[in-house]
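Here the structure comes first, spelled out in C-alpha cells, and everything after it is commentary.
The values are calculated or read from the model by the stated rules, or taken from the named source; none is laboratory data. Keep in mind it's a predicted model, so treat the numbers as computed, not measured. Reconstructed Cβ throughout: ideal geometry from the backbone, glycine too, with neighbour counts over all protein chains shown.
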Amino acid sequence: MSVVEPVNIVSARFECSALDLEGCPDEILPEFAFIGRSNVGKSSLVNFLTGSTDLAKVSAKPGSTKTLNFFELNRRWRLVDLPGYGYAHIARKDSKKFNKSVMEYLRDRPNLCCVFALVDGSLPPQAIDLEFVEWLAANEVPFVLVFTKSDAASPGTVQANIQDFQSRISSWCDGPPDTLVCSARKLSGRTALLKVIDEALKSVTEGVASETSEEPPKGKKSLPAAPRRRPDRDSARPW
C-alpha cells in the first residue's frame, strides 16, 4: 500500500539569496525556515524533503551556506535555507553580521510560519543547540524540533538523546514542542515533516478566509499577520 504525502511537491525552484532582512523577497508566500548547527545534514534534508538531488548544495565543507536562500515550492510556499551556526572557521569579522541577519529574519519576518530547528539525534544535547532553542522560545518564534541522522546511532541512543534534549528545554516552553525524527540517508521522516507544513498552510488559508469576507484585489494575495515577536527586545546573540 503506497503512502500518500500530505503535500505533493510538484515544483521546486530557487528564487533568490539574501544577505539580510531587507534583501528578502516579498512577503506574499508563507515561509518555513530550516536551520541547525553546521554539519547537521540540513542540505541533505532539504533535498530529501523536496525530492531533489541538488536543490540545496551539499558541501563537504561545513558552514558553506552564508546567505538566506529562498526556494519556491508549488508556487504556494517558500522553504528558506538559513546559514548553519557554530562552525569555527567562519571569520570572526563576519560572524557578528552573519548572526545578526539570521536573528532579524527569525524575529521580524511577518510571513514566517515555522522554524524547523535541526538537531543531530546521534549526539547528546549540545550546548549551542540548547542555547539556540532557548533563544527561539524567549523570542516567541514558532519552531519544531527535527532530530536528524537517526541512522548514525542505535534507536535507543537516539531516543535517549531526544528525551534528554526535551528535558533540558522543558522550562523554556509552555509545553513540549513538536518533535520529528528524520534520516535523509534512510529516507525516513519525510511524510511527518510535510504533514506539519501542510497543516500550517491550511491554518494560514483558514485564517485568511476568517479575517476577511472580501476577496483581495485581482492579482494580489494576503496573509494574516504573524504574532509579533518583540523585535524591540534586547536580545543577545544566541549562538
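For Pro155, are the conditions met, namely being closer than 20 Å to Asn39 by Cα and either without any contact (Cβ under 8 Å) to a residue 60 or more places away in the chain or surrounded by fewer than 20 Cβ atoms within 10 Å (Cβ to Cβ) (or both)? So Pro155 fails the test.
Here is a yes/no grid of residues against (1) modelled with pLDDT under 85; (2) at negative phi; (3) under 12 Å from the mean Cα position of the chain (by Cα); (4) of a type outside the set (Phe, Trp, Tyr):
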{"site": "Ala18", "(1), (2), (3), (4)": "no, yes, no, yes"}
{"site": "Cys24", "(1), (2), (3), (4)": "no, yes, no, yes"}
{"site": "Ala33", "(1), (2), (3), (4)": "no, yes, yes, yes"}
{"site": "Ser38", "(1), (2), (3), (4)": "yes, yes, no, yes"}
{"site": "Gly41", "(1), (2), (3), (4)": "no, no, no, yes"}
{"site": "Val58", "(1), (2), (3), (4)": "yes, yes, no, yes"}
{"site": "Lys61", "(1), (2), (3), (4)": "yes, yes, no, yes"}
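You will find that of Trp172, Trp239, the residue that is at negative phi, more than 18 Å from the chain's Cα centre (by Cα), among the hydrophobic types (A, V, I, L, M, F, W, C) and at pLDDT below 95 is Trp172 and no other.
Among all positions in the range 102-117, there is at least one residue which is assigned to a helix (DSSP H, G or I), closer than 30 Å to Ile28 by Cβ, modelled with pLDDT of 90 or more and among the basic types (Lys, Arg).
State yes or no: is Phe132 within 13 Å of the chain's Cα centre (by Cα), at pLDDT below 95 and not charged (D, E, K, R)?
Details: within 13 Å of the chain's Cα centre (by Cα): yes; at pLDDT below 95: yes; not charged (D, E, K, R): yes.
Judged against the criteria, Phe132 is a match.
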